[in-house]
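Enquirer: Would you mind keeping the following structure in view while I ask a few things?
Throughout, read-outs are computed from the coordinates displayed, never taken from laboratory work. All values derive from a computational prediction rather than experimental measurement. Here the Cβ positions follow ideal geometry from the backbone for every residue, glycine too, while neighbour counts run over all protein chains shown.
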């Protein structure tokens with residue numbers, strides 16, 4: 001059987017926690033431009049990581065076969 005390849009783009013964006021959940025950055029994690037119209041609360045929220053939604057776990061299993 002051939003080995004399965006890990007999707008490198010997904011591997012760079014998603015990490016597995018100790019409990020087996022997957023964690024990702026928020027959409028605007030860089031948050032580097034056009035900050036004047038964004039509230040400080042919104043900018044702070046972008047810094048935090050969130051767990052991947054359960055509806056996306058099947059896709060992650062295909063992209064990260066050895067995770």
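Enquirer: Quickly estimate the mean residue ellipticity at 222 nm for the chain, helices only: each DSSP H run with n ≥ 4 gives -39500 (n - 2.57), and the total goes over all residues, rounded to 500.
Expert: It lands at -8000 deg cm²/dmol.
Enquirer: Shifting gears a bit: Can you tell me the relative contact order of the chain? Whole percent, Cα pairs under 8 Å, sequence separation 6 or more.
Expert: Contact order relative to length: 41 percent.
Enquirer: Given a Förster radius of 25 Å and the C-beta distance between residue 3 and residue 23 as r, what FRET efficiency does 1/(1 + (r/R0)^6) yield to the nearest 0.05?
Expert: Efficiency, rounded to the nearest 0.05: 0.45.
Enquirer: Taking 0.36 nm per intervening residue step and subtracting the Cα-Cα distance, what contour gain separates residue 12 from residue 49 on full extension?
Expert: 11.9 nm
Enquirer: Same structure, new question: Per residue, how big is the convex hull of segment 8-63 when only Cα atoms are used? Give it in Å³.
Expert: 102
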